[in-house]
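One structure below.
The values are calculated or read from the model by the stated rules, or taken from the named source; none is laboratory data. None of the values given here were measured: they were computed from a predicted structure. Cβ: placed from backbone, ideal geometry, glycine included. Neighbour counts: every protein chain shown.
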């Protein structure tokens with residue numbers, strides 16, 4: 001059996017992939033984002049969002065049914081978290097603070113079935129598996145997307161080794177300040193941008209997908225032009241806040 005996952009198809013075609021960020025545990029919001037023209041993936045944020053693993057199954061199904069790939073960002077690099085995310089039906093995972101090759105190796109092992117990794121077999125709720133279909137195991141190893149966040153100087157200094165550890169993508173979150181703060185520099189400063197460029201260069205050189213988090217279309221356009229392959233354009237909560245703020249600005253003189 002083949003797993004024709006939308007994001008993996010984008011990667012195979014060497015096409016750019018725009019996505020959205022989901023922080024609210026709402027299937028309606030998840031489906032709305034996934035149905036938006038141009039969206040090929042939706043990140044379900046279980047690290048900083050209001051989402052827990054009890055929401056995973058419904059959210060991944062809502063996104064996948066709308067034709068996009070659901071990815072889950074788990075809170076840490078724990079194998080049981082990876083297992084829960086993938087068994088719920090996620091097309092891939094994103095793992096924060098992947099600061100060393102050893103950590104990344106552990107992540108890849110947890111995301112892959114034997115003989116490649118150590119993932120336990122029990123995908124009865126994944127939409128592609130069809131209960132305990134043994135034919136799912138091999139294709140899943142090839143199709144599931146493993147992305148790691150590079151957000152610490154230790155990771156930047158070891159980026160060449162990290163991208164050799166069997167991952168599919170690196171991901172930078174500059175607008176969330178993690179990388180800049182851990183470097184002790186300002187967001188968008190020359191050292192910060194140099195670190196981002198270094199991550200991009202090493203990732204592309206290794207033939208992997210380079211991803212980055214943005215909050216606006218303008219930011220996303222800049223990063224696509226820079227050479228990133230996988231870019232988020234905004235989040236659900238930022239869209240709500242910005243939309244309400246813009247509407248209120250129009251009537252502020254009447255208040």
Residue ID - nearest to the chain's Cα centre (by Cα), chosen from residues in the range 203-221 that are within 16 Å of residue 19 (Cβ to Cβ) and without any contact (Cβ under 8 Å) to a residue 60 or more places away in the chain: 212
Members of the range 1-24 that are surrounded by fewer than 22 Cβ atoms within 10 Å (Cβ to Cβ), touching a helix residue (DSSP H, G or I) at 6+ places or on another chain (Cβ under 7 Å) and farther than 15 Å from residue 215 by Cα: 1, 2, 3, 8, 16, 24
Candidate set from the range 125-143 (those that are modelled with pLDDT under 85, within 16 Å of residue 91 (Cα to Cα) and out of contact with any helix residue (DSSP H, G or I) (no Cβ under 8 Å at 6 or more places or on another chain)); member that is surrounded by the fewest Cβ atoms within 10 Å (Cβ to Cβ): 138
Residue match in the range 246-255 (condition: outside any helix (DSSP H, G or I), modelled with pLDDT under 95, at negative phi and surrounded by 14 or more Cβ atoms within 10 Å (Cβ to Cβ)): no
